[in-house]
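Data first, discussion second: the structure below is written as structure tokens.
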Amino acid sequence: MSSPTDAMKNPNHNLREQLERIGLRAVAAQMDDMLAHATEQRWSPRQLLEQLAQIEVAERTHRSLERRLRTAEIRRFKPVADFDWSWPTRIERDVVERALTLDFLAEARNLVLVGANGLGKTMIAQNICHCRRAGRPLRALPHRFGAAGGTASADTRRTPA
């Protein structure tokens, strides 16, 4: 095992590898650019550390969101911005847009989407799962996306005979 003094004696130690080893992947990837920018802007060591910390936090937040989206099984979906509000003709757009604000979560209420096939329930539900406020992901709320038919068959399989 190497000690800090070993690293100081060896001028060829690879800082990028060390940063990656301790889990600072974003800092390792952007280190050279950040050091050059910090030198050019004459940042103090504190300013440099603050910027590196911000980069790492942003990257970890992004990875966390991606991981939660994978485990939620949302897969690819059409954003609500591309939704054709002229079809179906009787959709309550204001209710859907209010649901996308996620206010029902703070009120501890449920949201149930009911309608015939092909009207956009799945697309709306996927967008709600993926919703963000102010460009930042919501706190880690547990959610799992699935069609009601798939849920019923999964529950049936778990029920003892």
Residues satisfying the stated conditions in the stretch 102-122, i.e. surrounded by fewer than 10 Cβ atoms within 10 Å (Cβ to Cβ) and either in a loop (DSSP other than H, G, I, E, B) or modelled with pLDDT under 60 (or both): Glu107, Ala108, Arg109, Asn110, Val112, Val114, Ala116, Asn117, Gly118
Qualifying residues in the stretch 10-54 (those that are loosely packed, with under 10 Cβ neighbours inside 10 Å and at pLDDT below 90) - the one farthest from the chain's Cα centre (by Cα): Pro11
Qualifying residue in the stretch 123-133 (condition: under 30 Å from Glu20 (Cα atoms), modelled with pLDDT under 85 and touching a helix residue (DSSP H, G or I) at 6+ places or on another chain (Cβ under 9 Å)): yes
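The values are calculated or read from the model by the stated rules, or taken from the named source; none is laboratory data. Because the structure is a prediction, the values reported are computed rather than measured. All Cβ positions, even for glycine, are placed from backbone atoms using ideal geometry, and neighbour counts span all protein chains on display.
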